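Below: the structure, in C-alpha cells.
No lab work stands behind these numbers, since they all come straight from the coordinates. Quantities reported herein were computed from a predicted structural model and do not represent experimental measurements. Here Cβ is always computed from backbone atoms with ideal geometry, including for glycine, and neighbour counts include all displayed protein chains.
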Amino acid sequence: MSVYTQLTNDQFATFCQSFGVSFVRAIPITQGIKNSNWFIQTTDDVDGAYSYVLTLFEERPPADIEKMAVILNQLDGKLPVAAPLSVIESNSVQTDDDDKRYVIHYEDKAITLVPCLAGSHPEQTTQAMCHDIGAALAMLHETLQALQPAEQYGVPLYPWADVRDREMQFMPGDEAKLMSDIWRSYTELPLTTLPNGLCHLDMFADNTLWNLQKGEEHLTGLLDFTEVSVEHYVMDIAITINDFCTTWGMAEQGESVNFDRSKMAAFLQGYESKRALGLDEKRALPVMLAKAAVIFWLLRLNVIHYNRTEGRTGDNIMVKNPDLMKRLAAYHWAHVEKSQNTVFVLSGTTSDNQIIGVFSSITQAEQAREKLSNSSEFAIKEYTLDQLS
C-alpha cells in the first residue's frame, strides 16, 4: 500500500520491540491507497526474506483497529488471515485474551504488526479462483455472526452520499445522471429485508494471496480488514464480484474494463456452497453491482481530493483511475435498464428445445444453468417483453 508517513530505522526498531520482534530492515509496500505499510525483516530472516508486515493506519482511529484485531482473531483458524501480534506488556504479567492489546500509538495513529502470509496477489483470476473466494466470503459472513452486537465490532460506514454531492458538482451531465440513477435505484430496493452483518467491503484481488501454481491455485491469505462494517451481505458480494470477475486492462491496452459473467456465476456457486442467497438478495444483486462500482468510483475521487487538499505527493503515492469504476458502473447499469424489459429463457439446444426456466436476470439464468450436470447442452436466450419474436 502507499507510504504516507516516513519512519526512521530507530522508530521501526522501537515499534517492533513492543511486539517482541527484533528489527533489521523495513521495505515499503507501495500497492494500495489508504495506509502506510512495510515488510519487516528480522534477525531470524535469511536471504532478504521478511516475516512481518507493519501497518500505520492513516485514517482509522486506534479504537477501530482494536476492533479489527478481535475480528481477525475470530476468523483465525477458519480462514487464512494474519491476526495481529499482541503487545508485550512491560510488567510481564500474563493477561487473558480479552485483555490483550494489539495496537500501539504513534501521533494518534494505530500501528499493528502481523505475520506475513504465503502466496502472491493474482494478476488474473480464473473461474476456480472466483468459486473459492465466493466460498471464503460466505464463510467470513457466517463466522462473524458470532460477534454480537455486530455494530460494536464494525466501523461506521463512510458517508459516501456526502462525497457524491461534492463530486457531482464537477461532473459532466451524463456522469452525474449515471450516478444519480444508480443511487436512486439502490434506495428503491427492499433494503430492510436484505440480510446484513459484518462485511469485509474491500475484498479485491490485491487484498488476497494465492498459491498460483497453474492448475492448483488455492487461497492462502485474506488481507485488509480496516473497512469491516455492518452492511448488506449482497453489497459485500457485489464489491468482490466487481474486482474478481473483471479484467482490468493496463494503460497500454487503453485501460479496458471487461466483465466476465461466467466468473460471476462461478463466484455465486462458491458462495452458495456455504450460505444460500435469498430471493430478495438475488433480485437486488444487479443494482448492487452498479452501486458497488459507484462507491469505488467515489472512493478513488475522494483519494484524489484528499491528496490534493493534504498536499500528498511523491513516488510512493499511488492513485487508481476512477474512470475504470465509472465504466464498470455504466456496464452494470445498462444491464439493469435492459433487464427491466427483458426475460431470459434457459432451454435445451437439442431439437425439442425444451424450456427449463424463465428468469428476470441473466445472473439467475446463468446460476440455474451452472447447477445442471450437462450445462453445456443448454443455452440462454433473451427476449424483449411486449414484442413479437
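The table for this structure:
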item	result
Additional length obtainable on full extension of the chain from GLU370 to ARG101, 0.36 nm per residue less Cα span	92.2 nm
Helix 127-143 axis, angle to the chain major axis (alpha carbon atoms, nearest 10°)	70 degrees
Net length gained if the chain between ARG166 and GLU89 were fully extended (0.36 nm per residue, minus Cα distance)	23.2 nm
Theoretical ellipticity at 222 nm over the chain - DSSP helices of four or more residues, -39500 (n - 2.57) apiece, nearest 500	-12500 deg cm²/dmol
Rg to Rh quotient for the chain, alpha carbon positions, Kirkwood Rh	1.00
Under 16 Å from LYS381, Cα to Cα: lysines that are on another chain or at least 8 residues apart	LYS338
Potential extension, ALA146-ALA118 segment - 0.36 nm per residue separation minus Cα distance	7.3 nm
Cα-Cα pairs of region 127-338 separated by more than 24 Å (percent)	44 percent
Reach of LYS177 by Cα under 18 Å, taken over aspartates and glutamates that are not fewer than 8 positions away in the same chain	ASP162, ASP165, GLU167, GLU188, ASP323, GLU337
Peptides 269-277, 358-366, 134-142, 41-49 ordered by average Cβ neighbours within 10 Å, highest first	134-142, 358-366, 269-277, 41-49
Cα-projected label distance for GLU377 with GLU188, points at 7 Å along beta-carbon direction, nm	4.1 nm
Which of TRP38, TRP160 has the fewest Cβ neighbours within 10 Å, and the rest in rising order	TRP160, TRP38
Karplus-derived HN-Hα couplings along region 322-328 (A = 6.51, B = -1.76, C = 1.60, θ = phi - 60°), whole Hz, x at Gly and Pro	x, 4, 5, 5, 4, 5, 5
